[in-house]
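Peer 1: Just dropping this structure here.
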Amino acid sequence: MTSLQGTTLPAGLDDATLQQLSGNLTEQQLLWLSGYFYGRYSATTGGAQPQAAVAPAAAAPAAAPVPTITVLFGSQTGNSKKVAKQLADAATGRGLKVEVKDMNDYATRNLAQEKLMLVVVSTQGEGDPPVSAEELHQFLSSKRAPKLPELRYSVLALGDKSYVEFCKTGRDFDERLAELGGQRILNRVDCDVDYETSAEQWIEDVLSKIASEFAPAPAPASAAAPTASAPAAVKAEPAATVYSRKHPWEARVLESIQLNGRGSSKETYHLELDLAGSNMHYQPGDALAVVPVNEDPLVEEVLKAARLPEGESVDLGTERLPLSAALANRRELSVLTRDVMERYAALAPHAQLQELLTDTKQLQPYLYGRDIADLLTDFPTELSAQTLVETLRPLPSRAYSIASSLLAHPDEVHLTVGAVRYEAFGRQKQGACSTFLADRVAVDDTVKVFVEHNEYFKLPQNQDTDVIMVGAGTGVAPFRAFVEERVELGAAGRNWLFFGNPNFTTDFLYQTEWQQYLKQGKLNKLHVAFSRDQAEKIYVQNRLLENAQEVFDWLENGANFYVCGDKVRLGAAIQAALTQVVQQAGGLSADAATEYVRNLKKQRRYLEDVY
Ligand SMILES: Cc1cc2nc3c(=O)[nH]c(=O)nc-3n(C[C@H](O)[C@H](O)[C@H](O)COP(=O)(O)OP(=O)(O)OC[C@H]3O[C@@H](n4cnc5c(N)ncnc54)[C@H](O)[C@@H]3O)c2cc1C
Ligand SMILES: Cc1cc2nc3c(=O)[nH]c(=O)nc-3n(C[C@H](O)[C@H](O)[C@H](O)COP(=O)(O)O)c2cc1C
């Protein structure tokens, strides 16, 4: 060890070397470098504090700090929020200052002051922002958005490649921030449903980039903690074993019951699965992800269309499987998506295929109802078994709203599954997962599952709050869980269910349970709409309008309003009906009623679980 002005230097560093390195630098440059080296140090130690400070000034660099990182998340079911929290923890671990903000609560006037912003946002609907991100999204695209020449940013977009508008909201944010003058720290990363690995990599890359480009803030790592501005931003989950796509729970089927009566146009199953021994937790409003197995006839169709033998072995990275097993268990066959079309088009040079890919208006109807066998038949080409599995998409799990409360059914989870069957392009087709559950698993078989928490579609924390629940078809599932939970908790808040389906005699899902609850006063109101029981169609939205004054009174009294079911048919219709309810019963103008409903959404009192 040598010594510089009374300070102990580590072996290999001496006064002359330091003078040579720093002699001609200005005070400003020295300060910047002290921060730069501290950043390098933090990056190699993961933010741990030095055991022996090199020099007092370097241990706490005083200038050119990394600005506080604003982490903005826009989330519908909680995935983006979870990633934002992970990002904040990792940043804190590196000694960086971070503030986590829900877009829902973000004051747009702060935008102009932001220096360093990391955005995590999902896409909902058909390329729409999640409700919580709507306002900021709209503000950014408007003329009122400020110029952002000082801003450094990066975007992580969450999405699902089965949607044509893959990661659209993330793309919008990324492009608009650049247009306003922001500089990307790192290019946007778009994540498919299995977002975890890509998200972890983005967190690592973006924080390393920040650490290498900026000097760290003076505060020691241990003092920095992520600040969550949203009240519910960081909530402790009860201790539970976490299952995932990679590590699902093998749940035994306890019961499988057809809920529709003979002659129904619908085919709905009530499934009860065993969670005993899993330590799996869920809450009403969460969904259960089920990993399906494709049906044999579809695997055969694909093999036939690809003109490949079933037994050839293929390499899937972590395992080798015969082609037929890989197609049945590991690859998406029943749904055709844009990314598969793109990879396939690179192998099969058909002009029409290229044309479809350049025109979303044509692509969307082409994809609807077509599967992998259709693609291989429409645009034939020679390809090996290995190329085929590399072109196809990993088989994703499907989500089902949980229809039970753990309080009412410890160690069980119940689902309400509508079997998807249709004819298209000359073949009878079946939804992969719904018919796997309906036809191919029997009592005592096991099914791979894990919980997909839905952060926001939850019962009110205050048990005195009333709830209005609107569900059509399988959309009734989460409301069975809600009512069971409220009954178990003895919640004082009132429960009102609107339920719709085609026919009373065959399609009144869980009829006896609802009637029992009504009789016991545990369900306060029930309104049903059986659309095909009379000449004119009657839907749940008609029932809402018939009860406009009372619905409005409940809302004014603080009730939460929930909608679950078909995205296309139910979501928009209920929002329109509720706006009309508010206009009519509240005596408001059309604009004021729209604003009223929009505010309910912003306050997270109007909650949707539509699919
Ligand atoms: C949060 C959430 C909760 C959900 N909860 C439930 C629930 O409680 N109960 C429930 O049953 N489902 C629920 N779903 C839907 C469920 O996840 C599946 O999407 C559904 O079961 C279909 O999956 P599948 O694998 O059977 O069909 P897939 O193999 O995914 O096939 C579906 C595809 O078939 C095509 N298709 C379907 N019908 C037709 C038609 N008539 N004509 C042409 N093409 C058609 C479409 O391209 C469609 O995308 C939920 C979804 C989400 C996101
Ligand atoms: C009803 C619904 C619509 C969706 N629409 C899209 C879409 O248009 N584009 C896309 O890339 N992803 C879409 N997704 C997938 C979500 O973006 C994805 O599940 C994401 O992980 C959700 O993150 P969040 O929990 O933060 O909202 C949709 C998901 C649902 C349930």
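Peer 1: Let me make sure I get this right: for the stretch 80-176, a, b and c are the square roots of the gyration tensor eigenvalues over alpha carbons, sorted descending. Under 1.5 in a/c it's rounded, otherwise prolate if a/b > b/c, else oblate. Which is it?
Peer 2: Because a/c hits 1.5 or more and a/b fails to exceed b/c, the stretch 80-176 counts as oblate.
Peer 1: Oh, and also: Helix 590-602: angle to the longest alpha-carbon principal axis of the chain, degrees 0 to 90, nearest 10?
Peer 2: Approximately 70 degrees, to the nearest ten.
Peer 1: So, with a 1.4 angstrom probe, what is the percent of accessible area on the stretch 376-418 that is carbon and sulfur?
Peer 2: After summing per-atom areas, the C and S share lands at 52 percent.
Peer 1: Antiparallel DSSP bridges in the stretch 414-540: what percent, to the nearest 5?
Peer 2: 25 percent
Peer 1: Got a sec? Charge dipole of the stretch 392-508, +1 on Cβ for Lys and Arg, -1 for Asp and Glu; which of Val413, Ala424, Asn462 is way out at the positive end?
Peer 2: Ala424
Peer 1: Would you mind working out the accessible area per residue for the chain, using a 1.4 Å probe, and quoting it in Å²?
Peer 2: Result: 46 Å² of accessible area for each residue.
Peer 1: Name the residue farthest towards the positive end of the dipole of the chain from the options Pro129, Ala592, Gln511, assuming +1 on Cβ of Lys and Arg, -1 on Cβ of Asp and Glu, about the Cα centre.
Peer 2: Checked the options; the winner is Ala592.
Peer 1: Please give every one of the aspartates and glutamates within straight-line cross-link reach of Lys429, meaning a C-alpha to C-alpha distance under 19 Å, and leave out same-chain neighbours fewer than 8 residues apart.
Peer 2: Reachable aspartates and glutamates: Glu267, Glu295, Asp296, Glu300, Glu301, Glu332, Asp371, Asp374, Asp378, Asp439.
Peer 1: Give me the percent of Cα-Cα pairs in the chain that sit more than 39 Å apart, rounded to a whole number.
Peer 2: When all Cα pairs of the chain are counted, 40 percent exceed 39 Å.
Peer 1: Could the peptides 274-286, 322-334 be put in order, highest first, of the mean number of other beta-carbon atoms found within 10 Å of their residues?
Peer 2: Output ranking for 274-286, 322-334: 322-334, 274-286.
Peer 1: While we're on this one: Can you send over the carbon and sulfur percentage of the accessible area for the stretch 461-532, probe radius 1.4 Å, protein chains only?
Peer 2: The computed percentage sits at 43.
Peer 1: Evaluate the distance, in nm, between pseudo-label points positioned 7 Å from the Cα of Arg343 and of Gln183 along their respective Cα→Cβ axes.
Peer 2: Reported label-point gap for Arg343 and Gln183 is 3.7 nm.
Peer 1: Which distance in nm do the two modelled labels at Gln463 and Asp205 give, with both placed 7 Å along the Cα-to-Cβ direction?
Peer 2: 4.8 nm
Peer 1: Counting DSSP beta bridges in the chain, what percent are antiparallel, to the nearest 5?
Peer 2: 45 percent
Peer 1: Also: Which of the chymotrypsin sites (Phe, Trp or Tyr not before Pro) found in the stretch 385-432 are in a DSSP loop and have at most 14 neighbouring Cβ atoms, other than their own, within 10 Å?
Peer 2: Phe425
Peer 1: When the dipole is taken about the Cα centre of the chain, and only Lys, Arg (+1) and Asp, Glu (-1) are charged at their Cβ, what size is it in debye, to the nearest 20?
Peer 2: 1060 debye
Peer 1: Working from Cα positions, state the angle (0 to 90°, nearest 10) between the long axis of helix 131-141 and the longest principal axis of the chain.
Peer 2: Approximately 60 degrees, to the nearest ten.
Peer 1: Using a Förster distance of 30 angstrom, determine the FRET efficiency expected from the C-beta separation of Asp445 and Val242, and round it to 0.05.
Peer 2: Efficiency, rounded to the nearest 0.05: 0.80.
Peer 1: Going by accessible area, probe 1.4 Å, with all protein chains left in place, what is the ranking of Leu395, Leu509, largest first?
Peer 2: The ordering from most to least exposed comes out as Leu395, Leu509.
Peer 1: Additional query: Could you tell me what percent of the accessible area of the stretch 250-294 is made up of carbon and sulfur, with a 1.4 Å probe and every protein chain present?
Peer 2: Ligands and nucleic acids excluded, carbon and sulfur reach 44 percent.
Peer 1: Between Arg262 and Gln428, what FRET efficiency comes out of the Förster formula 1/(1 + (r/R0)^6) with R0 = 25 Å and r the beta carbon distance, rounded to 0.05?
Peer 2: Approximately 0.75, to the nearest 0.05.
Peer 1: Taking a ≥ b ≥ c as the square roots of the eigenvalues of the Cα gyration tensor of the stretch 457-611, is the shape rounded (a/c under 1.5), prolate (a/b larger than b/c) or oblate?
Peer 2: Taking the square roots of the gyration eigenvalues as a ≥ b ≥ c, the stretch 457-611 is oblate.
Peer 1: I'd like the FRET efficiency for Glu556 and Gln511, computed as 1/(1 + (r/R0)^6) with the beta carbon distance as r and R0 of 30 Å, rounded to 0.05.
Peer 2: Efficiency at R0 = 30 Å is approximately 0.45.
Peer 1: Separate question: According to the square roots a ≥ b ≥ c of the eigenvalues of the Cα gyration tensor, what is the shape class of the stretch 234-308, taking rounded for a/c under 1.5, prolate for a/b larger than b/c otherwise, and oblate for the remainder?
Peer 2: Since a/c reaches 1.5 but b/c is at least a/b, the shape of the stretch 234-308 is classed as oblate.
Peer 1: Give me the number: length gained by fully extending Ala576 to Leu407, i.e. 0.36 nm times residue separation minus the C-alpha to C-alpha distance, one decimal in nm.
Peer 2: Net length gain for the segment: 57.3 nm.
Peer 1: Between helix 477-489 and the chain, what is the angle of the helix's C-alpha long axis to the longest principal axis, kept within 0 to 90° and rounded to the nearest 10?
Peer 2: So the helix axis and the longest Cα principal axis differ by about 80 degrees.
Peer 1: Run lengths n ≥ 4 of DSSP H only: what is the helix-derived mean residue ellipticity at 222 nm for the chain, with -39500 (n - 2.57) per run over all residues, to the nearest 500?
Peer 2: After summing the helix terms and dividing by the residues of the chain, the value is -10500 deg cm²/dmol.
Peer 1: Still on this structure: Taking amide hydrogens as modeled 1.01 Å from N in the peptide plane, which residues meet the under 5 Å criterion relative to Ile69, leaving out close sequence neighbours?
Peer 2: Lys97, Val98, Glu99
Peer 1: Additional query: Under 18 Å from the Cα of Lys602, which lysines turn up, not counting those fewer than eight places away in the same chain?
Peer 2: Those lysines meeting the cut-off are Lys81, Lys101, Lys458.
Peer 1: Related question: Please give the residues of the stretch 285-314, grouped as numeric ranges, whose backbone N is less than 13 Å from a label point set 7 Å along the Cα-to-Cβ vector of Arg320.
Peer 2: 312-314
Peer 1: Report the label-to-label distance for Glu488 and Asp194 in nanometres (one decimal), using points 7 Å from each Cα along the Cα→Cβ vector.
Peer 2: Label at Glu488, label at Asp194, 3.2 nm between them.
Peer 1: Need the list of lysines near Lys97 for cross-linking: C-alpha distance under 17 angstrom, and skip anything on the same chain fewer than eight residues off.
Peer 2: List returned: Lys85, Lys115, Lys209.
The values are calculated or read from the model by the stated rules, or taken from the named source; none is laboratory data. Everything quoted here is computed from the prediction, not taken from an experiment. Positions of Cβ are backbone-derived with ideal geometry, glycine not excepted, and every protein chain shown enters the neighbour counts. The accessibility values were calculated without ligands, DNA or RNA, using every heavy atom of the protein model including side chains. Shrake-Rupley method; radii C 1.70, N 1.55, O 1.52, S 1.80 Å.
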